[in-house]
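One structure is given below, encoded as structure tokens.
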Amino acid sequence: MLLQFTSAQGPEECCLAVEKALNYFLKSTAKQQVNVTVLEKEPSRYGLKSALVSLEGADAQAIAQQWAGSVQWQCASTLRPRHKRKNWFIGVACFEQPDEINDKEIVFETMRSNGPGGQHVNKTESAVRATHIATGISVKVQSERSQHANKKLAKQLIAWHLEAYMMKQHASLNSQRHIAHHRVIRGDATLCFNGNDFVLISQ
């Protein structure tokens, strides 16, 4: 399963809510029977415009259904203290994993990871850059410690972007994903959080 957290067209407070929701999600699923991998993040100035997460395991479907929909964050803006609005909404959409792409369609390059990680980062070429030959779509994955795991995630990410690319090529702008990414239903939230500490208040 794939989950897409999105601020849609919301302001920076919604981007901050996406980041908080993703962090809460990762902590709350740590002890459940599911393997969670963050495939992609799109940063904003203060938070995240969107994030794409992969779920695998016995609890994957139940967790996805629990989160899918609108998520409400009740909190006075820390970015604009005089702003009257205290309710911010983000969207969480659930998608089936796209069909896997054949390795022959992709060029893989390995490289050293960058960022935190100590000696492991400096000594191993575990990061993978994958480029789809026909379209030029390219991704870099270094979230896992093994090259094999990063290669698998890179293929998933390529498949995700390729599906979106094909939809655009066929002018399918009213597709499920387009609507989920650009429209968040305000009200009737699936989950509701309160305060700057992002505390769950209803379910």
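The values are calculated or read from the model by the stated rules, or taken from the named source; none is laboratory data. Remember, it's a predicted structure, so these values are computed and weren't measured experimentally. Note: ideal-geometry Cβ built from the backbone for every residue, glycine included; neighbour counts use all protein chains shown. Each accessible area value is taken on the protein alone, full model and side chains, heavy atoms only, with ligands, DNA and RNA left out. Shrake-Rupley method; radii C 1.70, N 1.55, O 1.52, S 1.80 Å.
What the table shows:
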read-out: Reciprocal mean inverse distance between Cα atoms of the stretch 1-154 - Kirkwood radius, Å; value: 17.2 Å
read-out: Cross-link pairs beyond the 25 Å C-alpha cut-off, checked among LYS41/LYS152; LYS20/LYS84; LYS27/LYS84; LYS49/LYS84; LYS49/LYS155; value: LYS27/LYS84
read-out: Neighbour cut-off at most 13 other Cβ (10 Å), DSSP loop, trypsin sites (Lys or Arg not before Pro), the stretch 17-66; value: LYS31, ARG45
read-out: Equivalent-ellipsoid semi-axes of the stretch 42-84, from the Cα gyration tensor, Å, largest first; value: 30, 15, 7
read-out: Of all accessible heavy-atom area on the stretch 18-165, the percent that carbon and sulfur account for (1.4 Å); value: 47 percent
read-out: The stretch 1-68: Cα Rg divided by the 2.2 N^0.38 Å rule of thumb; value: 1.09
read-out: GluC sites (Glu not before Pro) within the stretch 1-98: DSSP coil, no more than 16 neighbouring Cβ in 10 Å; value: GLU96
read-out: Within the stretch 29-82, chymotrypsin sites (Phe, Trp or Tyr not before Pro) in DSSP loop having at most 11 other beta-carbon neighbours inside 10 Å; value: none
read-out: Ratio Rg/Rh, restricted to the stretch 41-115 and using Cα atoms, in which Rh is the Kirkwood radius; value: 1.11
